[in-house]
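Each remark here refers to the structure printed beneath this line.
What follows is calculated from the coordinates using simple rules that are stated; it is not laboratory data. In this text, all values refer to a predicted model and were calculated from it rather than measured experimentally.
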Amino acid sequence: MTAHHFLGALIGYSIGAAISGLIMLIFLLRRQMWLRRADKLARQSNIALPLWIEYQVAGFLRNESLFAWLVTMLTLPVTNTVIAYSVVDQNWAKWFPWTLVGLPLYWAVLGFVLSLWPRWKASNRYRVTHLVSRSVRDAFTLAEFAALILGVVLGLALGAWGLRHVAAPAAWWLAGAAAFGVGFVAWHHAARSIMNRPSSASDEVELGWNDLLRFRQVRGFTVTVAWTPALMVFLLDCMMASAFTRKFTAPGEVGYQLVWWPILVPIVTLVLLGLVFRQGRGMWRRAWLDRTDPAS
């Protein structure tokens with residue numbers, strides 16, 4: 001990538017960041033929108049949302065979106081540069097192994113960072129309680145857990161296909177497997193710390209919201225770590241296999257004709273995952289009942 005291309009990409013990214021920042025600012029100022037989101041989440045999760053806690057939930061959702069936007073703006077240029085450079089350079093044997101090794105680690109770290117803030121805070125003088133030592137498995141149904149395993153297996157299989165396609169040395173195969181292993185360890189440590197961190201609440205309703213939002217963070221974090229590497233590696237594999245087929249635009253020039261199915265596959269997969277992971281929205285209630293049951 002030449003300096004000219006880099007400068008053009010930097011200007012384009014700056015304009016995009018400014019536009020998205022303006023849109024985010026408009027959203028932040030729309031209090032009624034966040035109140036509607038809080039009400040929708042309460043209805044989907046079958047939990048009470050009294051008036052005295054409504055603004056607190058809406059503020060949490062607003063801060064969560066704001067933090068996700070800030071982290072995305074800071075990290076997106078790095079990932080975009082690496083992927084764009086590998087596409088332009090076309091030296092897949094050089095770039096694909098590095099990208100494959102970095103993806104599981106990147107998403108594990110990014111998901112954990114997004115879970116650090118905001119945290120639920122009691123609205124009044126609070127009492128601190130703890131979950132009965134919970135496993136991350138408690139946040140998912142059996143079907144959801146199977147879908148998570150499928151995502152990891154697909155990521156490994158697609159990564160192996162890519163390494164075979166570029167005839168990568170054995171060291172890269174070991175590095176790729178190690179990267180997925182380290183990503184798993186990082187995810188498991190982070191997810192368990194989220195599941196078992198102390199709670200801040202003034203009554204049973206706040207305990208319920210604390211558990212709901214905690215489980216929601218763990219579920220989103222886990223799904224992202226399990227499936228995003230697989231989807232991104234799939235697109236990279238398709239590029240390497242010339243799914244974006246070449247066409248001659250003029251003598252001496254080579255362009256690319258877009259083939260839609262490699263892009264549609266991740267979109268359809270995300271829709272199906274959304275349907276599968278709807279069933280576990282109420283898994284938080286078991287933790288809440290354990291907290292409020294006098295016999296527990």
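General observations
- Values of log10 I(q)/I(0), in the order q = 0.12 Å⁻¹, for the range 92-296 under a Debye, Cα-only, solvent-free model: -0.71
- Spatial extent of the range 54-193: Rg and Dmax, with the Cα atoms as the point set, Å: 19.1, 62
- Mean sequence separation of contacting Cα pairs (under 8 Å, at least six apart), scaled by the length of the range 56-199, corresponds to a relative contact order of 42 percent.
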